[in-house]
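Before any comments, here is the structure.
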Amino acid sequence: MLLGFAVAPGAAALMMAVDEALPRNMTPGQFWRSVQLVAVFAYPPALLLGFPAVVAFGHIKANRPALCGIAGAGIAAAPWLLLFLFGGSNTGWMETGMIVVRAAAYGFGAGMIFWLIVDGPWRRRQAAAPAP
């Protein structure tokens, strides 16, 4: 499970940096600085909100991939939404909404990566295999 918490937020940061880098034609140095900056802000919410989500939803076995994806979307979008609501923003509501929705999409992807690492199909085959 710790591996999931170590990899998934970094993957979301990488997805977000790639999405920002493609239209802006960033240099490799700018791209990796962008990944580092986004990762710094991705890990605290993932840990502060992710562990309680695992505890709250850990007992649910049905439709686990969707649950991990939706939890990841909420965890990734929550800081951006709070920042825009309480921190003030000089952007319009449409642009603010797009940023929050994009963060939720990256979070959904990170939640699916978390599920693949922690409870993916390969884990089920491993558990179903008879012990030697």
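Values in this text are rule-based calculations from the coordinates and carry no lab data. In this text, all values refer to a predicted model and were calculated from it rather than measured experimentally. Note: ideal-geometry Cβ built from the backbone for every residue, glycine included; neighbour counts use all protein chains shown.
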Practice problem: Work out from phi, with θ = phi - 60° and the Karplus expression 6.51 cos²θ - 1.76 cosθ + 1.60, the ³J(HN,Hα) of each residue of region 88-97, listed in order in whole Hz, and give x for Gly and Pro. | Solution: x, 8, 9, 9, x, 5, 5, 5, 4, x
Quiz item: 222 nm [θ] for the chain, helices only, -39500 (n - 2.57) per DSSP H run of 4+, per residue, to 500?
Solution: -29500 deg cm²/dmol
Self-check item: Top of Ala56, Ala11, Ala104 by mean-square fluctuation, Gaussian network on the chain, Cα under 10 Å
Solution: Ala56
Quiz item: Just the C-alpha atoms of the chain: what Rg/Rh do they give, with Rh taken as the Kirkwood radius?
Solution: 1.05
Quiz prompt | Residue of Asn25, Asn63, Asn90 that the Gaussian network model of the chain assigns the largest fluctuation, springs spanning Cα pairs under 10 Å | solution = Asn90
Quiz item: Rounded to the nearest 20 Debye, what is the dipole magnitude of region 2-128 about its Cα centre when Lys and Arg each give +1 and Asp and Glu each give -1 at the C-beta?
Solution: 440
Quiz item: Under a GNM of the chain (C-alpha, springs under 10 Å), which listed residue has the highest mean-square fluctuation: Ala53, Ala62, Ala39?
Solution: Ala62
